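Just below is one structure, and these are the notes that go with it.
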Amino acid sequence: MNIIVTGGAGFIGGNFCHFMVNTYPDDTIICIDKLTYAGNLETLAPIMDKPNFKFYKTDICDREGIYKIFEDEKPDVVINFAAESHVDRSITNPEIFLETNIIGTSVMLDACRKYGIKRYHQVSTDEVYGDLPLDRPDLFFTEETPIHTSSPYSSSKASADLLVMAYMRTYGLPCTISRCSNNYGPYHFPEKLIPLIIANALNDKTIPVYGKGENVRDWLFVIDHCRAIDLIVRKGKEGEVYNIGGHNEKTNLEVVKTVLSALGKSEDLITYVTDRPGHDMRYAIDPTKIHNELGWLPETRFEDGIKQTIDWYLNNKEWWEHIISGEYQNYYEKQYGNR
Ligand code: NAD
Ligand code: DAU
């Protein structure tokens, strides 16, 4: 099969490209990425020269460019990871989120209609369901939970999901959607919580915790997410939404303390800062459907995954030091300087 993966130079898309190139030598993985601040060719370096991997530096909003790739590559499957993905950045500058996450998705869907594909898969997020209260641990997001977004980021992702559903119903495009909880693992951009803690702690910098640090996220090791998407694309039913998550809820403070302890760093580095506006309290996925229908279960326990992740950051300092030494410094100063 020829499989287009958009956003493959980012965190999850990058891990997915590694996984697919190494697992399916007979498939060709065609990565399309604009290489925004979050895209990094160093993430793809280990597979760049593999015979079953190709890379195009193209914006998914560039209709002509995308159509040309479809004409040349004749994809069977398209998996759309490309997105602006950071909630904090969406609060500062929503527009680019609407462009990439909504217009970009519509261009990919139009290309699929025009050239014909066997499956389009939209990589969505649990954030489209909004949040759950902290005092109701019995509640979980199911595929039936209504869309109820909080941030410009989650609203743009929900809009993309609605477009995918419209293309299924109106044009009969064969699509699936997955909504996953928070991922962690290698190649995670240092603006996000876990890599930010690791990078700051290793540099003995303070760890900014929003509000009281009691918000809850449901953490999943990135390779477990990749396996789930592969399974949905190959065995999932057209027209279906699948939630992905491993019942691994932690408060932000628990995560910070776990990482600091693993690195042998003092909890004195923790600094409470002004909360994120509209900050979602709790995410928690009910993964019953993907387990019952496709047999998926997470394989990596948090204790093992976080150790593996920390080891990766310790052994790949060049990858993230390169990132945090550039434009990232200006971002960090603006985001945290006066907080
Ligand atoms: P990321 O920010 O690390 O990577 C995004 C990638 O998309 C980058 O390589 C970037 O260059 C590329 N990109 C951005 N705009 C583009 C455009 N216009 N055209 C082509 N490429 C473009 O993001 P991530 O954390 O890897 O997330 C990937 C996908 O998974 C996103 O759709 C996100 O909404 C979803 N998701 C993420 C998580 C998570 O915990 N990180 C959880 C659930 C779902
Ligand atoms: O749930 C899936 C989503 O998870 C994805 O759709 C998003 O693309 C991804 O970025 C992630 O969103 P979050 O907002 O949950 O991730 P982030 O790493 O930005 O923050 C995790 C939690 O940590 C959140 O409650 C905010 C808090 N936080 C974050 C940062 C960066 C802090 O307390 N301090 C920080 O400096």
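The values are calculated or read from the model by the stated rules, or taken from the named source; none is laboratory data. Computed from a predicted structure; not experimentally measured. When we count neighbours, we look across all protein chains shown, and the Cβ atoms used for this are built from the backbone with ideal geometry, even at glycine. For the accessible areas, the whole protein counts, side chains as well, though only heavy atoms, and no ligand, DNA or RNA atoms are used. Shrake-Rupley method; radii C 1.70, N 1.55, O 1.52, S 1.80 Å.
Descriptive notes on the structure:
- Looking only at the stretch 9-39, residues that are within 16 Å of ligand 2 (Cβ to nearest atom) and in a loop (DSSP other than H, G, I, E, B) come to 6 in all.
- Scanning the stretch 40-75 for residues being in a helix (DSSP H, G or I), open to solvent by 80 Å² or more (accessible area, probe 1.4 Å) and either under 24 Å from P174 (Cβ atoms) or hydroxyl-bearing (S, T, Y) (or both) gives a total of 4.
- Count of the stretch 181-230 residues which are among the small types (G, A, S), touching a Ser or Thr at 6+ places or on another chain (Cβ under 8 Å) and more than 9 Å from ligand 2 (Cβ to nearest atom): 2
- Residue check, K205 open to solvent by 60 Å² or more (accessible area, probe 1.4 Å), under 27 Å from I3 (Cα atoms) and part of a loop (DSSP other than H, G, I, E, B): no
- Number of the condition not met by E84 [criteria: (1) assigned to a helix (DSSP H, G or I); (2) surrounded by 18 or more Cβ atoms within 10 Å (Cβ to Cβ)]: (1)
- Members of the stretch 165-189 found to be within 12 Å of ligand 1 (Cβ to nearest atom) and out of contact with any Pro (no Cβ under 7 Å at 6 or more places or on another chain), listed by number: I177, S178, R179, C180, S181, N182, N183, Y184, G185, P186, Y187
- Number of the condition not met by D131 [criteria: (1) open to solvent by 50 Å² or more (accessible area, probe 1.4 Å); (2) of a type outside the set (A, V, I, L, M, F, W, C); (3) more than 25 Å from A228 (Cα to Cα); (4) within 14 Å of ligand 2 (Cβ to nearest atom)]: (3)
- Pairs meeting the criteria (first residue in the stretch 272-287 and under 13 Å from P137 (Cβ atoms) and touching a residue at least 24 places away in the same chain (Cβ under 8 Å), second residue open to solvent by less than 20 Å² (accessible area, probe 1.4 Å) and assigned to a loop (DSSP other than H, G, I, E, B), beta carbons under 6 Å, at least 6 apart or on different chains) are M281/N215; Y283/S181.
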